[in-house]
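Here's the structure, in structure tokens; my notes come after.
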Amino acid sequence: MWSKLKVDGIKNNKTFLDIGIKIKEYKNISELIFLCPFKLDSDDIQDLSGKLQNKKNVDLIFNNNCGLWTSDRYWIISNDTSNNLKEDLLIFSFYQSVDDVIRIEEVVKGKSSKLVINFSLFKKYIESLSCNDENQCINRLKNVNDVYLRFRIASHQLNKSIFSNLEPMNKYFQSGFTSIQILDFKMNSKRSIDDRILAKAVGNDENFASFDKIHFLLMEPSNNNVIFMSENNTTCRNLEEGKWDNYLDCTGVGDTLVYHWKKSVVKNSSCQENNKPIQEFDLLVKINYSKTNRKIILRYIVYGFLVGIVGSYVTQWARKLIDYLLNLIFK
């Protein structure tokens, strides 16, 4: 999650979510359905597979010195696992030579959408490539069983879905104040999904994905105060300045801290609960940040002028009306 990303030459700070999923034995999967609790358009999705043709980006994402084999139509990453074993990952591109590899469907009108990734078509496409040649890279392609896909969601609906903002009631009387933002991230949380969607999933023989390992990284400006409200298995570091410019298609990214939460299956653990695959992931984070600009000062002037007109004994209803009008004017 890139939160309030400051970029040179861009007035409004960016916020978006990058998702990377490693899938084992992808040939056994028919479809992967990514359900979002908000309306999703094709313009809101950006395929990041092309960024993984750059070895520097690959090494940054996997935090390792990886091998990279590239072709015109596919590329393979070789990475070291935690068990000091080599794994090959075939990169899944959304824009294959096969139509309908991905599609977006609206589940509940205006409220939720799903991104459907068709692995059956992808498998047929890879099989057709494997039969075309006998060179080393093609032979390697035949033996790859794991796939990696990476994409970005950049939508204002995303912000509304997982972020909530709290600001002080007297903000118009201050040229600067501390605002609070709550990040509430949920994955595979069944109690947050509409019962009709769950029933339909059962009828379509759809299963919730289970995970061996989950990483959640929050990139937040370093002058903001991040308070952990849930799991404390967290590390923090500075974002490598300048190294992410190619990946982000921008320059000037700096003064950013990376908060890293990790949840994983502990194999051969004496606790049976730790051996089970991860079924869901929840994270609640409180972010305190300062807000100050000319708009706030101008709001203060207008607010004082309106209060002077209405009178010193302004009712709560009148204050709310003034706040509403000011939000319309200075949106």
>> Only counting other Cβ atoms within 10 Å, I'd like T81, T256, T178 sorted with the fewest neighbours first.
In response: T81, T178, T256
> In terms of the Cα gyration tensor, with a ≥ b ≥ c the square roots of its eigenvalues, is the range 84-127 rounded because a/c is under 1.5, prolate because a/b exceeds b/c, or oblate?
Replying inline: oblate
>> Please list, in order, the residues from the range 146-163 whose amide nitrogen is less than 14 Å from a point placed 7 Å along the Cα→Cβ vector of K24.
In response: 146-147
> Taking amide hydrogens as modeled 1.01 Å from N in the peptide plane, which residues meet the under 5 Å criterion relative to F38, leaving out close sequence neighbours?
Replying inline: S113
>> Which of rounded, prolate or oblate describes the range 2-292 when judged by the alpha-carbon gyration tensor and an a/c cut-off of 1.5?
In response: prolate
> List the lysines whose alpha-carbon lies under 16 Å from that of K56, not counting same-chain residues fewer than 8 positions away?
Replying inline: K243
> What shape does the range 1-84 take by its C-alpha gyration tensor, where a ≥ b ≥ c are the square roots of the eigenvalues and a/c under 1.5 counts as rounded, a/b above b/c as prolate, and the rest as oblate?
Replying inline: oblate
>> As a quick test, which of the pairs K123/K160; K124/K190; K27/K267 have an alpha carbon distance above 31 angstrom in this structure?
In response: K123/K160; K124/K190
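Every number in this text was worked out from the coordinates using simple rules, so none of it is lab data. Since the model is a prediction, treat every value here as computed from it, not as a measurement. Quick reminder, even Gly has a Cβ in these numbers, built from the backbone with ideal geometry, and neighbours come from all protein chains shown.
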